[in-house]
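Q: One structure is given below, represented as structure tokens, and several questions about it will come after.
No value in this document is a laboratory result; all are computed from the given coordinates. Nothing here was measured: the structure is a model prediction, and the numbers come from that model. So basically every Cβ, Gly included, is an ideal-geometry build from the backbone, and we count neighbours across all protein chains shown.
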């Protein structure tokens with residue numbers, strides 16, 4: 001591939017990520033972004049909600065949305081034999097936010113067990129959101145039976161039935 005073609009196809013930052021010791025080793029052909037929070041922007045702005053920048057601000061936003069008579073989150077983890085992978089994404093995010101990178105790396109390597117205080121804290125953190133029936137469309141009991149691909153649909157009803165959805 002020519003330099004011109006690569007420059008036209010890829011932002012420099014993507015090429016930089018594929019550069020090792022000054023040598024461009026390749027290009028990304030697939031990217032799977034995680035931990036994105038989706039929301040209905042027009043309705044969001046009309047409601048006057050602000051994007052939280054901390055977990056505490058997000059929990060306060062959840063309470064505000066509930067006090068407005070609405071449900072903050074669309075969450076579903078059903079995925080056939082793979083049911084639950086969405087919960088691992090939330091756990092990974094919370095591990096990165098609540099403990100050290102060394103602990104995260106040890107957990108990924110299988111050296112930090114799931115019953116360690118660090119992992120338990122991460123799961124308990126997102127559980128404060130998931131297990132509050134007021135925070136989840138359909139209540140917490142709907143999470144495991146709602147197909148992950150269908151779970152954001154209520155967010156696009158008029159008016160929105162839930163306001164946020166975390167997914168790749």
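Q: Measuring from label point to label point, each 7 Å out along Cα→Cβ, what is the residue 157 to residue 115 span in nm?
A: 4.2
Q: May I ask you to derive the FRET efficiency for residue 131 and residue 108 from their Cβ-Cβ distance with R0 = 25 Å, giving the value to the nearest 0.05?
A: Numbers: r = 25 Å, r/R0 = 1.01.
So the FRET efficiency works out to roughly 0.50.
Q: Could you calculate the FRET efficiency of residue 67 with residue 101 from 1/(1 + (r/R0)^6), where r is the beta carbon distance between them and R0 is 25 Å, rounded to 0.05?
A: It comes to 0.10.
Q: Then there is this: Helix 55-67 versus the longest principal axis of the chain: what angle, 0 to 90°, nearest 10, using Cα atoms?
A: Roughly 40 degrees, rounded to the nearest 10.
Q: Past the 30 angstrom mark, what percentage of all C-alpha to C-alpha distances in the chain do you count?
A: More than 30 Å apart: 32 percent of the Cα pairs in the chain.
Q: Can you sort 53, 71 from fewest to most other Cβ atoms within 10 Å of each residue's own Cβ? Don't skip to the end; give the middle numbers.
A: Values: 53 8, 71 23.
Result, fewest neighbours first: 53, 71.
Q: Now for a separate question. Taking the Cβ-Cβ separation of residue 34 and residue 8 as r and a Förster radius of 45 Å, what is the calculated FRET efficiency to the nearest 0.05?
A: Once rounded, the FRET efficiency stands at 0.95.
Q: May I pose another question? Which ordering of 95, 1 is given by a fewest-first count of other beta-carbon atoms within 10 Å?
A: 1, 95
Q: Where does the chain land at 222 nm, in deg cm²/dmol rounded to the nearest 500, when only DSSP H runs of n ≥ 4 count, each adding -39500 (n - 2.57), divided by all residues?
A: Estimated from H runs of four or more residues: -12000 deg cm²/dmol.
Q: Arrange 99, 83 by Cβ neighbour counts within 10 Å, fewest through most, would you?
A: 83, 99
Q: Got a sec? Which residues in the range 67-84 would a label at residue 144 touch, if it sits 7 Å along Cα→Cβ and we count backbone N under 15 Å?
A: 76-84
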